[in-house]
């Protein structure tokens, strides 16, 4: 027996885009029936008399364009694998899951599924607002393919998972959005499928509910069942999946181990080029006395703002000083993507290094930060103060910095210590500003 649970071969899906086709009302249709003889006479008259002021009306047909939501997609998923599908909006991820779920038909290609399938695409589909939660469990379960015996067996577990015991006999139209989502997920997740298809449903609900959803998918994987999930959360994909597919404009860009695919996606979509030109709008503060013109990563991987795991972060900051400033303290820092500060450092933190005097003109500041960051995407911040931090000269946080999941030699650590960083952020090197001729 083959070990392949899902086989997709040369799968393509084409959609027609353009103006919606107009539909006539019953009244319009009946009117056309009675006026047809007169319209025919007018048409014949217009043909006999081309000089007539009422030429036959031409019928214009709307023109439609087509797009390929998917094009020549091929892959296989083995029994027991959990595979993630990632990519930007409009890449074709949801279309692929809808075809796998047999909600829509492919234009070309073949799909082979070996096992009972449960789809978590649009949770709540099939819920009747006038029915109670109890009644909707049986209704929605039947829609998903569960027998009444299966629903009875899993009923208590579904209710407990959804946390709707007190509202079980209340019509679902009175449920909050979160309650309805929890109940819908609980029903679908207890179908006990051999193949589970999940589309972004883990992005809804509170944190505790998301943990339960993740735990349920982990259980599915632990039982040797197959799961395919679409998510924009790279941490969720990396936590649950062993492999991933990167879709871009309906085409498979890369397929393989999850870490490599996620890094490829992040590199292409979230990390800046190794040299970034800074505009006045990029300044949170500044531009009056000092303007940052350019920030460059001197040791960027593949000419992007990426460094290898545990590789120092070497940066060059080009500034333009508009008027002389004294008593300058230069600093740098790292933030999480959500803006949370991890660490920051100023060049005179030790109380020994002198502050700078910057004369008008262009200057370049080069520094190297010790890199104890865990793999991921961060914000690099640079700034300067003077007069003992009472005045902010400039502050920039627009640069996305990525730390890869492996070293330059390709070595991947077996495990990481808990937390965001492994140690302290310090300047390994820092050169005073150099005047640019």
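None of the figures in this text is laboratory data; all of them are computed from the coordinates on show. Only a predicted model underlies this, so the values are computations on that prediction, with no experimental measurement involved. Backbone-built Cβ (ideal geometry, glycine too); neighbour counts: all protein chains shown.
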field: FRET efficiency estimate (nearest 0.05) - Cβ-Cβ, residue 337 to residue 277, R0 22 angstrom
entry: 0.50
- line: Stretched fully, the stretch from residue 302 through residue 166 gains (0.36 nm per residue minus C-alpha distance, one decimal, in nm) 43.3 nm
query: Extension gain residue 434-residue 76, at 0.36 nm per residue separation less the Cα-Cα distance, in nm?
result: 123.3 nm
field: Cα-based shape type of the stretch 275-435, given that a ≥ b ≥ c are square roots of the gyration tensor eigenvalues and the cut on a/c is 1.5
entry: prolate
- request: Starting from one equal scatterer on each C-alpha and no solvent at all, send me the Debye-based log10 I(q)/I(0) for the stretch 222-368 at q = 0.22 Å⁻¹, two decimals.
  value: -1.51
message: Just to be sure I understand the model, the point goes 7 Å from the Cα along the line to the Cβ. What's the resulting residue 15 to residue 249 distance in nm?
response: 1.7 nm
- request: Could you quote the convex hull projected area for the stretch 309-351, Cα atoms only and averaged over all directions, in nm²?
  value: 5.1 nm²
- line: Given a Förster distance of 56 Å, the FRET efficiency implied by the Cβ-Cβ spacing of residue 192 and residue 348, rounded to the nearest 0.05, works out to 0.35
- prompt: Using mean Cβ contacts within 10 Å as the protection proxy, how do 310-316, 10-16 order, highest first?
  reply: 310-316, 10-16
- prompt: Tell me, in nm to one decimal, what length is gained between residue 102 and residue 232 on full extension, where the rule is 0.36 nm per residue of separation less the Cα-Cα distance?
  reply: 44.5 nm
